[in-house]
Amino acid sequence: MMFKKAYIPYRGYYSTPFCKWQGSLANENAIALGAKTSKRWFAARGLDPAQLDYLYLGITIGQHRIFFASTWAAAMLGAPDIPGVTLMQACATSTTAVFNAGMAVEMGNINTAYCLMVDRTSNGPHTIWPNPFGPGAEVISENWNMDNMRVDPSTGLGTINTAENVAGEAGFTRDQADELVLIRYEQYKQALVNDRAFQRRYMFPVEVKISRKEKKLIEVDEGVSSTSKEALGRLNPVMEGGIHTYGAQTHPADGNVGIIVTTEENARAMSADPGIPIRIISYGFARAKKAFMPAAPVPAAKMALERAGLSVNEIVAIKNHNPFIVNDLFLAKGLGIDGSSFNNYGSSMVFGHPQAPTAGRLLIEAIEETVIKGGGYAMVTGCAAGDMAAALVVKVG
């Protein structure tokens, strides 16, 4: 279906900087941090959280008190009486949260929803279950982050295996991978030009406690590496015979993102510029064949484009979640576009991947890029664990 009634207010969104794994946000409860950051952001924008009807709380890595995640977050951000739901779809959590909010507005069930996506990959929790058949009171245990990066229980393979499966079947080379990696780093540098002018359009600082009396304000991404052709060339493939080095894949991170989804009338009232409407247009989803995760964004994007009645050439800005550079190589090949034509101003391979918030930041950056270009259609797509993907098309201006 094509959406007609669901809107995102211009600048009715923010992303914190993304902080490196085991960095400045490593000891923060992601739910509490996201809610408190949202409260500060609402105040900074002069918006009243009491306008919200519903909260979509996206999270993929468990935190203390996650059972009450949505209502607890609502209380902390200043909307204590609204209901909510907690969503999890790995790296597609943001996309799917915005889709669900858009559907609720489209159907008239909700007037103004807030999508808050939070995650802390650092210090991932360990869950322990009793093992009634284990000798000596043994237990079944799981590290929420590390164990699930290592292996998909339905295939027995890790995410790097899925990347190399796609690269091998498509015939991509190490040289192609390194060449596009360098382009992605150059694109990120464009977001830093003129004292980070692009990032300042949407990025909101996050505040963390250093001690009982001291707080720290983090205003820039933490953990972005620099690279060069020579540096990439010196790296060995992660898998023997593969095309991916550690320079050609993302790094885990921490952060949060907030996005308001509402009616056209409310969007105008809440917008930083009522002359820039942002309408949600369509949503696509897909599942690739088993252990071929980076292939899934192509059919998801095609579904979103078909439902919008658009061709890829009509899209002004495209963002693709790229945990591996093969994600971008395959999207370019599958959609028939130049690999250097999308992921302008940054991508998750470079600025990091905190799971639930990642696609939300990509959507926000796609909107801002489209505004700079004078308006039009923007699309965000990306894979998710379990060989899934989701895509979203919005119309800006």
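Of note:
- For region 196-336, diffusion coefficient by Stokes-Einstein and Kirkwood Rh (Cα), 4 °C, 1.567 mPa s, µm²/s: 67 µm²/s
- For the chain, built as a Gaussian network whose Cα springs stay under 10 Å, the top-fluctuating residue of Ala191, Ala295, Ala231: Ala231
- Percent breakdown of C-alpha pair distances by 10 Å bin, ordered from the shortest bin, for region 321-379: 21, 52, 26, 0
- Estimated Rh, region 254-397: Kirkwood, alpha-carbon pairs, angstrom: 15.3 Å
- Local charge for Phe3 was computed over the other residues whose Cβ lies under 10 Å away, with Lys and Arg +1 and Asp and Glu -1, and equals +4.
- A full extension of the chain between Tyr246 and Arg200 corresponds to an added length of 13.7 nm, given 0.36 nm per residue minus the alpha carbon distance.
- Environment charge of Phe351, counting only residues whose C-beta is closer than 13 Å and scoring Lys/Arg +1, Asp/Glu -1: +2
- Comparing Val238, Val380, Val350 in a Gaussian network model of the chain where C-alpha atoms under 10 Å apart are linked, the largest mean-square fluctuation is found at Val238.
- Highest average first, the peptides 383-395, 11-23 ordered by how many other beta carbon atoms sit within 10 Å of their residues are 383-395, 11-23.
- Each 10 Å bin from zero up to the one holding the largest Cα-Cα distance in the chain carries the following percent of pairs: 5, 24, 34, 25, 9, 2, 0.
- Nitroxide proxy distance, nm - points 7 Å out along Cα→Cβ at Lys216 and Ala137: 3.9 nm
- In region 1-121, Rg over Rh equals 0.95, where Rg is the alpha-carbon radius of gyration and Rh the Kirkwood radius from pairwise Cα distances.
- Percent of beta bridges antiparallel (DSSP, the chain, rounded to nearest 5): 70 percent
- Percent RCO, i.e. relative contact order, over region 29-84, from Cα pairs under 8 Å lying at least 6 residues apart: 45 percent
- With R₀ fixed at 41 Å, the C-beta to C-beta distance from Glu306 to Leu182 puts the FRET efficiency at about 0.80.
- Calculated P(r) tail over 14 Å for region 127-174, as whole % of Cα pairs: 65 percent
- Per-residue ellipticity at 222 nm from helix content only, as computed over the chain with -39500 (n - 2.57) for each DSSP H run of at least four residues, stands at -10000 deg cm²/dmol.
- For Lys213, the lysines whose Cα comes closer than 26 Å to its Cα, not counting residues fewer than 8 places off in the same chain, are Lys20, Lys36, Lys39.
- FRET efficiency for the pair Arg150 and Arg234, taken as 1/(1 + (r/R0)^6) with r the Cβ-Cβ distance and R0 = 30 Å, rounds to 0.70.
- Principal axis extents of the C-alpha atoms in region 351-392 (largest first, rounded to whole Å): 37, 19, 11.
- The dipole here belongs to the chain: it is taken about the Cα centre, uses +1 on the Cβ of Lys and Arg and -1 on the Cβ of Asp and Glu, and is about 720 debye.
- Per-pair calculated FRET efficiency, R0 = 45 Å: Asp81 and Ala170 via Cβ, rounded to 0.05: 0.30
- Above 13 Å, the calculated P(r) of region 253-295 contains 70 percent of its Cα-Cα pairs.
Computed from the coordinates by the stated procedures, all read-outs in this text should not be read as laboratory data. All values reported here derive from a predicted model rather than from experimental measurement. In this analysis, Cβ positions are derived from the backbone assuming ideal geometry, glycine residues included, and neighbour counts consider all displayed protein chains.
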